[in-house]
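The values are calculated or read from the model by the stated rules, or taken from the named source; none is laboratory data. If you're wondering where the values come from, they're calculated on a predicted model, not measured in any experiment. Because the Cβ atoms are built from the backbone with ideal geometry, glycine has one as well, and the counts that use them run over all protein chains shown.
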Amino acid sequence: MRIPLTTKGASRLRAELERLKSTERPRVIAAIAEARAHGDLSENAEYHAAREQQSFLEGRIKELEGALGNAQLIDVATLNAGAKVVFGASVDLADVETDERRGYQIVGDLEADIKQNLISISSPIARALIGKHEGDTITINAPAGQREFEIVGVRYEG
């Protein structure tokens, strides 16, 4: 199955993968070697912590390699969907009740980061937005109840 990724998101994931392989992996291997030198491994907390960290690191490396290997790269700057919301769109929303404004870009699952306003294509907000147009109103079931948002802008920026 092909995993959709923006070209910008794929670049960020490649940079993370390179950092994990070139910096983090050697650091963890050195920590394991140092902890191993302390003797009895059965009661060596540093050794067990370093091994756990190595396991997490190798899992993340495999996850990134798999995702990048199966990625369907989408250059958002070349999309020409007009005012229609599709994968990669940057969408400006206005809360119908409070007129509070917020913006999101719809990206692949692995590149999603709410702190950067990057929401996953599989998130409830993105699913409600896909296929809609500028000027449409969407209803989202939030933890605090249903909220209505008007789509006030749709952009496609690299």
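Annotations for the structure displayed:
- Filtered residues of segment 125-154 (kept if modelled with pLDDT under 90 and either outside the structural domain of residue 106 (by TED's automatic domain parsing) or under 23 Å from the mean Cα position of the chain (by Cα) (or both)): 140, 141, 142, 143
- Which numbered condition residue 21 misses (of (1) out of contact with any Phe, Trp or Tyr (no Cβ under 6 Å at 6 or more places or on another chain); (2) modelled with pLDDT under 95; (3) surrounded by 14 or more Cβ atoms within 10 Å (Cβ to Cβ)): (2)
- Failed criterion for residue 102 (all others in (1) touching a residue at least 12 places away in the same chain (Cβ under 8 Å); (2) among the basic types (Lys, Arg); (3) surrounded by 13 or more Cβ atoms within 10 Å (Cβ to Cβ) hold): (3)
- The residues of segment 107-146 that are in contact with a Ser or Thr (Cβ under 8 Å, 6 or more places away or on another chain), surrounded by fewer than 18 Cβ atoms within 10 Å (Cβ to Cβ) and part of a strand (DSSP E or B) amount to a single one, 146.
- Filter result (outside any strand (DSSP E or B) and surrounded by 15 or more Cβ atoms within 10 Å (Cβ to Cβ)) within segment 147-158: 156
- Residue-level analysis places residue 82 among those that are exposed (fewer than 12 other Cβ atoms within 10 Å of the Cβ), under 18 Å from residue 133 (Cβ atoms) and not polar (S, T, N, Q).
- Output for segment 54-106, where each listed residue is assigned to a loop (DSSP other than H, G, I, E, B), polar (S, T, N, Q) and outside the structural domain of residue 9 (by TED's automatic domain parsing): 80, 98
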